[in-house]
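What follows draws every value from the coordinates through simple rules; no lab data is involved. The structure displayed is predicted, hence computed values, not measured ones. Because the Cβ atoms are built from the backbone with ideal geometry, glycine has one as well, and the counts that use them run over all protein chains shown.
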Amino acid sequence: MDKIALDKRIIGALASEMRIDILKKIDSGSMTLSKLTDELNISKSTVHEHLTILIESGLVKKVNRDNKWVYYELTDKGTEILHPHKMTRIIVLLSTAILSFVVGIVGLYRFVRSILIFPEEALNLKAIAPYEPVHLITGLIVISLGIVLLSFGKNRTKR
């Protein structure tokens, strides 16, 4: 994860409480100038002036949709400033999901390998089986956990 270098423009953009309020509003979703004006209860010219400074600092970007409305969204730099640990949490979550998959596959492999090495004991329920079904159960649970974490991580990255 890259660190953000705070230059003179970014520090100047963050020096205004109104610009920070605008960043927080845009963080909840892309917005038009009119929507920001209504939400913040200030004039369009004032909001436009603040947005210009935020765009020049690289914290906000313009997005044209259908050539009808101009929306304002946070850039990656703007998101990183508002949520400095968000990417770290996502990386940890996805790493845990991958680790869960690996551990689950190893558990399933150990179970299948024990059945293939001693198939006659596996079929005889009265004999003490050299395989442990706990490997099967653990493998399935850990793989399921990996799937849940992966889907949760995927949903977090879309926000």
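So here's what we get for this one:
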| read-out | value |
| --- | --- |
| Charge tally in the Cβ shell below 11 Å around Gly78, where Lys, Arg are +1 and Asp, Glu are -1, Gly78 excluded | 0 |
| Three-way shape label, region 8-81, alpha-carbon gyration tensor, a/c 1.5 | oblate |
| Near-label residues of region 15-34 by backbone N, under 15 Å of a point 7 Å along Cα→Cβ of Lys62 | 31-34 |
| Estimated distance in nm for a label pair at Thr32 and Arg113, the labels positioned 7 Å out from Cα along Cα-to-Cβ | 6.2 nm |
